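One structure is given here, and the rest of the page talks about it.
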């Protein structure tokens, strides 16, 4: 079994006020991932997901596909998982 990863992604564009967080949480139900999604004060949305590499990458790809018409730019980096999340949640 490979080591779990954490993928940290920020989405820019018209990503607030369009159901981005709700949609992301809904998409997460179909994947074995933990973490959170939240709005940032600068208008971007932050997504942190942990799990097995293929699962985390597939989840983020599904979010990008689902919300592609609202996303103009993404930035991401990968790290080792912290194991600090029990589920995937919307943070307010």
- Message: Treating the chain as a set of equal point scatterers at the Cα positions, no solvent, please give the Debye-formula log₁₀ I(q)/I(0) at q = 0.19, 0.21 Å⁻¹.
- Response: -0.79, -0.97
- Task: Compare the peptides 72-82, 45-55, 31-41 by average per-residue count of other Cβ atoms within 10 angstrom and give them in order, highest first.
- Result: 45-55, 31-41, 72-82
- Query: Expressed in nm to one decimal, what extension gain is obtained for the pair residue 18 and residue 91 from 0.36 nm per residue of sequence separation less their Cα-Cα distance?
  - Reply: 24.7 nm
- Item | Mean Cβ neighbour count within 10 Å, used as a protection proxy, ranking 63-71, 83-91, 8-16 highest first | 8-16, 63-71, 83-91
- Message: For 57, 21, which order do you get if you count the other beta carbons within 10 Å of each Cβ and list the fewest first?
- Response: 57, 21
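None of the figures in this text is laboratory data; all of them are computed from the coordinates on show. Everything numeric in this text was worked out from a predicted model, so none of it was measured. All Cβ positions, even for glycine, are placed from backbone atoms using ideal geometry, and neighbour counts span all protein chains on display.
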